[in-house]
Amino acid sequence: MGKSYNWHKLLEKTWLYTKIFFAVLTLMVAAYAYGTYNPNQTAKAVVNEELDLFYMKKIEEMDLQEPEFTYHNDIQFIRAMHKCINYINFTLPKDKRVPYEMIIGQAALESGWGNSRFAVEANNLFGIRTWSKDTPHLLPQGITKWPGWGVRAFASKCDSVKEYVRLLNNHNAYKDFRELRQKMFDKNLQLDSFQLIKTLDKFSTTPDYDKRVIRMIKKIRKLEENK
């Protein structure tokens, strides 16, 4: 009777431990499966950052050449801008990129579709200034003496786009832009040019600058739809 009782008790314990083992195993498998198909945001961010660094390194090794920036009308200007932005984005992580529409809209507005004097003679599509005489620059027409600033001259128009993106990513004046862009990334939202342009109130002294850029973006959309 005693042996039978001990044997029965041993079976109960064995069955209990077996259930615990399979329960833990099931939880581990479920957690692994969930983590695989639904990774947490931190894990996803780390993986995405590592992938970005990997691809950027490979792209640098490819030694890609800056595309030509030639145009004779508005549509060609838009196409040239797209090629240039693609080239720049190859060297940037996703969270440092600026929406195409925003870049092209500002460039078209600031440079008169690439036809302004500063665009033609200085390759400056955004009216980017310098406060150093030593930096290649142009002065506004009619001004012969250094007024304390000049409009920067770039080696190429794509170089001016690259500097524009750098300023938005680094200059203190555009902190609000970076914060809003990051919020959109964190929520997995598409970057909204109309909202982001409203943060660039320090880019221009024109009171309705954001509205002007938005109108230009809408015009560009129509041109691209009809091309």
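At a glance:
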{"quantity": "Cleavage-rule hits, chymotrypsin sites (Phe, Trp or Tyr not before Pro), the range 137-227, DSSP coil, Cβ neighbours within 10 Å at most 14", "calculated": "Trp149"}
{"quantity": "HN-Hα J in Hz across the range 88-99 - Karplus 6.51, -1.76, 1.60, θ = phi - 60°, x for Gly and Pro", "calculated": "5, 5, 4, 9, 10, x, 4, 7, 10, 8, 10, x"}
{"quantity": "Sorted by Cβ density within 10 Å, fewest first, the residues Thr206, Thr199", "calculated": "Thr206, Thr199"}
{"quantity": "FRET efficiency for Asp208 and Lys83, using Cβ-Cβ distance with R0 set to 30 Å, rounded to 0.05", "calculated": "0.50"}
{"quantity": "Length gained when the stretch Lys222-Ser156 is fully extended (0.36 nm per residue, less Cα-Cα span)", "calculated": "21.0 nm"}
{"quantity": "Derived scalar couplings ³J(HN,Hα) [the range 138-146; Karplus, 6.51 cos²θ - 1.76 cosθ + 1.60; whole Hz; x for Gly, Pro]", "calculated": "10, 9, x, 4, x, 10, 10, 9, 4"}
{"quantity": "Distant-in-sequence amide H partners of His137 (H built 1.01 Å from N, under 5 Å)", "calculated": "Ala153"}
{"quantity": "Point-to-point label distance, Leu92-Asn73, nm (Cα→Cβ direction, 7 Å offset)", "calculated": "2.9 nm"}
{"quantity": "J(HN,Hα) series, the range 166-171, from Karplus relation 6.51 cos²θ - 1.76 cosθ + 1.60, nearest Hz, glycine and proline x", "calculated": "4, 4, 5, 8, 10, 6"}
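FYI, it's all coordinate maths here, none of it is from the lab. These figures come from a predicted structure and were not determined experimentally. Note that each Cβ is placed from the backbone with ideal geometry, even for glycine, and that neighbours are counted across all protein chains shown.
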